[in-house]
Amino acid sequence: MSSGRTASGAGGAGHPRRREPAPVSGALAVCVAGARGRLGSLVCEAVAAAPDLNLSATLVRGQRASEVLSGATLDVLVDVSLAPASRQLVPLALELGIATVVGTSGLSGSDLEAMDQASRRAGVGALVVPNFSLGAVLQMQAAAAIAPHLPCRRLLETHHPAKRDAPSATALATAAAVAAATGGHAPAITSERREGCVARQELRFGDEAEQLTLVHEVADRRAYLPGVLLAVRRVRSLRGLHQGLAAVLEC
């Protein structure tokens, strides 16, 4: 879902030295990667405005991730860059003892496995969130509740043309939730890219006699910010890699 610009590679000589997280008391020190992107710039504004958070560093194209992350005492990294950068950046941050919230699309199963292993080795939390919208989480939960009773016939996801991955991570997660609730019956996903659209997902249940439709639509990327801030505040309570905003809703 994220659309930030990629940070440069997480290079640096040798292995980074792991630092212990800063004390929980006081404002959490946050770094935002992809800080000049459409979502990243909004995340920076939201973090800077929150009284319990401190925007301590940002990471943008052309900077060395190892220098930025090791040059400040950080509690949480929010990565809303692009997948090629995340593959290096997230394990590096975890190795440094920095809890990490990932909003990057296009990560593979092997990417997630590497992040999980790095998180467990370091003993810090990592959270990969396909969609920071609270409404999207509720739609996914509703779909899983409905599907055992009315078959899901359609899942249509629509995003802006700049979104590179199709189907979206949100659509894949929703289809997986429906499959888990129905013994493996996942709906087919149709993807569209359309000018003027931020994000929209529609699920249609039932048959010719009865239909139920769930639609979630984001008109402004600021809809993602409450979920981002929730994840930032709660990711340090996790250990290992967790997926989805629901992992911290009940913390």
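Here are the numbers for the structure shown:
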{"read-out": "Val178 being assigned to a helix (DSSP H, G or I) and either on the phi < 0 side of the Ramachandran plot or β-branched (Val, Ile, Thr) (or both)", "value": "yes"}
{"read-out": "Output for the range 204-226, where each listed residue is over 21 Å from Pro167 (Cα atoms) and either among the polar types (S, T, N, Q) or surrounded by fewer than 16 Cβ atoms within 10 Å (Cβ to Cβ) (or both)", "value": "Gly206, Asp207, Glu208, Ala209, Glu210, Gln211, Leu212, Arg222, Pro226"}
{"read-out": "Breaking point among (1) within 20 Å of the chain's Cα centre (by Cα); (2) free of Cβ contacts under 8 Å to residues at least 60 places away in the same chain; (3) surrounded by fewer than 21 Cβ atoms within 10 Å (Cβ to Cβ), for Gln88", "value": "(2)"}
{"read-out": "One residue from Leu107, Leu82, Leu96 being surrounded by fewer than 24 Cβ atoms within 10 Å (Cβ to Cβ), closer than 26 Å to Asp52 by Cβ and assigned by TED's automatic domain parsing to the domain that holds Val32", "value": "Leu96"}
{"read-out": "Answer residue from the range 188-203, given it is loosely packed, with under 14 Cβ neighbours inside 10 Å and not small (Gly, Ala, Ser) and is nearest to Val215 (Cα to Cα) among those", "value": "Glu192"}
{"read-out": "Selected residue (criterion: farthest from Leu155 (Cα to Cα)) from residues of the range 214-233 that are assigned to a helix (DSSP H, G or I) and in contact with a strand residue (DSSP E or B) (Cβ under 8 Å, 6 or more places away or on another chain)", "value": "Arg233"}
{"read-out": "Hits in the range 143-187 - residues which are touching a strand residue (DSSP E or B) at 6+ places or on another chain (Cβ under 7 Å), within 20 Å of Glu208 (Cβ to Cβ) and surrounded by fewer than 21 Cβ atoms within 10 Å (Cβ to Cβ)", "value": "Ile146, Leu150, Pro151, Arg153, Arg154, Leu156"}
{"read-out": "Evaluation of Thr158 against (1) assigned to a helix (DSSP H, G or I); (2) of a type in the set (Ser, Thr, Tyr); (3) farther than 24 Å from Leu229 by Cα (one fails), failing number", "value": "(1)"}
{"read-out": "Residues of the range 126-142 satisfying the condition of being touching a strand residue (DSSP E or B) at 6+ places or on another chain (Cβ under 8 Å), farther than 21 Å from Arg222 by Cα and surrounded by fewer than 22 Cβ atoms within 10 Å (Cβ to Cβ)", "value": "Ala142"}
{"read-out": "Residues satisfying the stated conditions in the range 190-213, i.e. among the small types (Gly, Ala, Ser), under 27 Å from the mean Cα position of the chain (by Cα) and either part of a strand (DSSP E or B) or assigned by TED's automatic domain parsing to the domain that holds Ser105 (or both)", "value": "Ser191, Ala199"}
{"read-out": "Conditions (1) modelled with pLDDT under 95; (2) on the phi < 0 side of the Ramachandran plot: number failed by Gly106", "value": "(2)"}
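The values are calculated or read from the model by the stated rules, or taken from the named source; none is laboratory data. Note that this is a predicted model, so its numbers are computed, not measured. Neighbour counts are summed over all protein chains in view; Cβ atoms, including those assigned to glycine, are modelled from backbone coordinates with ideal geometry.
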